[in-house]
Ligand code: 5GP
């Protein structure tokens, strides 16, 4: 997410094509903005209207446990910006999110004694997305153990709290 040479190249590229594509780009952007539903579950969690077992929060990013975990320690990392999925997020917000994804992947692998990490991101219904606010799944994995079936609500919410505390403790270490 640093600027480096690619930042310079992008700047020159942007200047050259700006006039040509700006109208089209604005149209697409507007289209995506129109499709963002402010009442989606994750928007409500960000606004504090719904509870969540939080792991991490800063100005731009929030991470919390998934209530239907595919594996012990499964959580979600989301931008606070109102973006539907990877297709409409601006680069600045994406950089902020992906840095947290990396940081929390490392911390959760250690905290959960996992032997691997699966990261998933689904965009649009046909891509498997069900909640239309961008989110990355961070799924700790354990040797020889396949992921659980999707859509199974956790039986005991206190388990999520214990797991969140483990990951938070690792972050604080
Ligand atoms: P996706 O949109 O990538 O298919 O998945 C949405 C994810 O959000 C699922 O893994 C689901 O378990 C999770 N989820 C759905 N509703 C809630 C909720 O109210 N709270 C939390 N913490 N997770 C949720």
If you go through region 117-135 one residue at a time, how many are within 9 Å of the ligand (Cβ to nearest atom) and touching a helix residue (DSSP H, G or I) at 6+ places or on another chain (Cβ under 7 Å)? 3
Is it fair to say residue 23 is assigned to a helix (DSSP H, G or I), more than 16 Å from the ligand (Cβ to nearest atom) and modelled with pLDDT of 70 or more? no
Among the candidates 164, 96, which residue alone is part of a helix (DSSP H, G or I) and within 14 Å of the ligand (Cβ to nearest atom)? 164
Output the strands (runs of 3 or more DSSP E) that fall wholly within region 48-91 and possess 3 or more residues being within 13 Å of the ligand (Cβ to nearest atom), or say none. 61-65, 75-79
Of all residues in region 137-156, which are surrounded by 13 or more Cβ atoms within 10 Å (Cβ to Cβ), over 19 Å from residue 122 (Cβ atoms) and within 16 Å of the ligand (Cβ to nearest atom)? 154
I'd like the residue in region 35-47 that is part of a loop (DSSP other than H, G, I, E, B) and surrounded by 15 or more Cβ atoms within 10 Å (Cβ to Cβ) and, out of all such residues, is modelled with the highest pLDDT. 40
First in region 33-55 and farther than 19 Å from residue 85 by Cβ and without any contact (Cβ under 8 Å) to a residue 12 or more places away in the chain, second anywhere and within 10 Å of the ligand (Cβ to nearest atom) and assigned to a helix (DSSP H, G or I), Cβ under 9 Å, 6 or more apart: 50/41; 50/42; 50/44; 51/45
Regarding residue 114, is this residue more than 11 Å from the ligand (Cβ to nearest atom), touching a strand residue (DSSP E or B) at 6+ places or on another chain (Cβ under 8 Å), closer than 16 Å to residue 71 by Cβ and part of a loop (DSSP other than H, G, I, E, B)? yes
Considering only region 149-158, how many residues are in a helix (DSSP H, G or I) and in contact (Cβ under 8 Å) with a residue 12 or more places away in the chain? 1
Output yes when any residue across region 106-114 is crowded, with 17+ Cβ neighbours inside 10 Å and under 19 Å from residue 41 (Cβ atoms), and no when none is. no
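The values are calculated or read from the model by the stated rules, or taken from the named source; none is laboratory data. Owing to the predicted nature of the structure, the values given are computational and were not obtained by experimental measurement. Every residue, glycine among them, receives a Cβ derived from its backbone with ideal geometry; neighbour counts consider all protein chains shown.
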